[in-house]
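Since the structure comes first, as structure tokens, the remarks are kept for the end.
Nothing in this text is a laboratory measurement; each read-out follows from the coordinates by a stated rule. Computed from a predicted structure; not experimentally measured. As a convention, Cβ positions derive from the backbone with ideal geometry for all residues, glycine included, and neighbour counts pool all protein chains shown.
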Amino acid sequence: MKRVLSIILGGGAGTRLYPLTKYRAKPAVSLAGMYRLIDIPVSNCINSDILKIYVLTQFNSASLNRHISKAYNFSTFSDGFVEVLAAQQTPDSPSWFEGTADAVRKYLWMFEEADVDEFIILSGDHLYRMDYCDYVLKHRESGADVTLSVVPIGYKTASSFGLMKVDENNQIVEFSEKPKGEALEKMKVDTTAMGLSPEESEEKPFIASMGIYVFKKQVLIDLLNKYPDQTDFGKEIIPASARDYNVQAYLFKGYWEDIGTIEAFYEANIALTNQPDPAFSFFKENAPIYTRSRYLPPSKLQDCHVTESIISPGCILKECRVHNSVIGLRQRIHADCEIDSSLVMGCDYYEATDESGQFDTGSKIPMGIGEGSVIRRAIIDKNARIGRNVQIINKDNVEEAERESEGYYIRSGIVVVIKNAVIPDNTVI
């Protein structure tokens, strides 16, 4: 895999994940209490022995740069690297990234110089574990110019994806963007030919792009130069390439989730607490998910009732109840609190306190969850200060709301408390 260069697309402004992207790039959003979204594709690359990795981003990239610089330092005896390439304006290219393909095109001068045979292009907002070695080898064996990784899907979600059809050689012959009705029926594929059982094929008769591509080096260069006005891989470059190139499909049968929306992000995090076998597990010794080493103390739980939850390092929980929730780094939860089906992202630093949780903050609300507070079906972003006897329960069952001045949003019925927000004592949301 030393002949493969990885390009991870950091995404645009991350509007679907706002307000989690208010202060950070989408790949820098916290995941499972102690990871970042970017750790997923980077770890997949490292586990696949692909060690030349670029991350393209342009919005709020400071925390992403800091995370990558502290998490991924390869040996000086290796040619491996993980490097952020931020959008920049030049005399020849005065605009920012205008799409996935445009982002790669703007750094094509650098990628052309790379001594590699293939580029693997990845997304920064998916949750999955994949062996890219097998993917690249299948690409080489098929003689493909471009290979798309695809997942089998059923009727329920098919109209939300770009679908494709393949011939008997797995060559892609037709694309359709989010088809419905009769157009959807025309995109059915016999997925038994791709390795699914008859039962699985009947349940999932469509194939959708995962937004993961392998290109021969020169093919990518030629395509980006041939279609200079096309800015998106999935909607423009890939369908156009099928006319003149051998574009193959690689069927991925494992767990894969697009977590680019608040609802999908929330559900994927909460699903990690499922027992005994969550759909995605971080407990894989032969394919670990890497992240920054923080050297935090183990968490301390004082007379707590915790069920089906994840508690990250460095936390202190006191006489509280936590159920079906993910608790992030350095989080403080005080007495008589109830946390249910929630993602609490934790804190970036400790405030002055002793281990009993007593703060010397005067009248200021300390970071963490104050005494007697109740949080249900919510996302609490980092460094939030939740006062005493606060109820974050969406009591009016609101689906969508923007209350930025009050420190929170509601997305798909999920209350999202903004990073650094202060929620006063006795507040009811």
Part-to-part distance (alpha-carbon centres) for the range 1-39 and the range 380-425, which is given in Å: 23
Choice from L296, L317, L37 showing the highest fluctuation, given a GNM over the chain with Cα pairs closer than 10 Å: L296
Cα gyration tensor category, rounded, prolate or oblate, for the range 69-201 with a/c compared to 1.5: prolate
Cys residues of the chain counted as unpaired, since no other Cys beta-carbon is under 4.7 Å: C45, C133, C304, C315, C347
Least to most buried among I333, I153 (fewest other Cβ within 10 Å first): I153, I333
Ranking of I50, I207 by count of other Cβ atoms within 10 Å, fewest first: I50, I207
Low-density loop cleavage sites - GluC sites (Glu not before Pro) in the range 368-429, where at most 14 other Cβ are within 10 Å (DSSP): E399, E400
Linear extension gain, E98 paired with N60, 0.36 nm per residue minus alpha-carbon span: 12.1 nm
Label zone at C133 (point 7 Å along Cα-to-Cβ), backbone N below 11 Å, the range 45-65: 47-50
Top of G181, G143, G99 by mean-square fluctuation, Gaussian network on the chain, Cα under 10 Å: G181
Top of Y350, Y295, Y408 by mean-square fluctuation, Gaussian network on the chain, Cα under 10 Å: Y295
Built amide H within the under 5 Å cut-off of V55, gap 5+: I8, E83, V84, L85
Projected area averaged over orientations for the chain, convex hull of C-alpha atoms, nm²: 22.8
Using a Förster distance of 30 Å, the FRET efficiency for V306-N389 (Cβ separation, nearest 0.05): 0.90
Pairwise label distance in nanometres, F77 with S405, each label 7 Å out on the Cα-Cβ vector: 6.2
Förster-model FRET efficiency, 41 Å R0, K70 and S160, C-beta, rounded to 0.05: 0.70
Within straight-line cross-link reach of K106, lysines at Cα separation under 23 Å, skipping those fewer than 8 residues along the same chain: K26, K52, K216, K217, K226, K235
Gain upon complete extension [S299, L108; 0.36 nm per residue less C-alpha separation]: 64.2 nm
Extension gain from H323 to Y290, taking 0.36 nm per residue of separation minus the Cα-Cα distance: 9.3 nm
Shape call, the range 119-267: gyration tensor on alpha carbons, a/c limit 1.5: rounded
For a label point 7 Å along the Cα-to-beta-carbon line of D167, residues of the range 219-241 with backbone N under 19 Å: 238-241
Dipole moment magnitude, nearest 20 debye, the chain about Cα centre, only Lys, Arg, Asp, Glu C-beta charged: 840
Unit charges at the beta carbon, dipole of the chain: most positive-side option, Y128, P297, A240: P297
Within the range 167-266: Cβ-based charge dipole about Cα centre, in debye rounded to nearest 20 (Lys, Arg +1; Asp, Glu -1): 400
Beta bridges per DSSP with both ends in the chain, % antiparallel, nearest 5: 40
Vicinal HN-Hα couplings computed from phi for the range 269-278 (Karplus, 6.51 cos²θ - 1.76 cosθ + 1.60; Hz; Gly/Pro x): 5, 5, 4, 5, 7, 4, 10, x, 10, x
Neighbour-count ranking [beta-carbon atoms within 10 angstrom, fewest first] of S241, S209, S69: S69, S209, S241
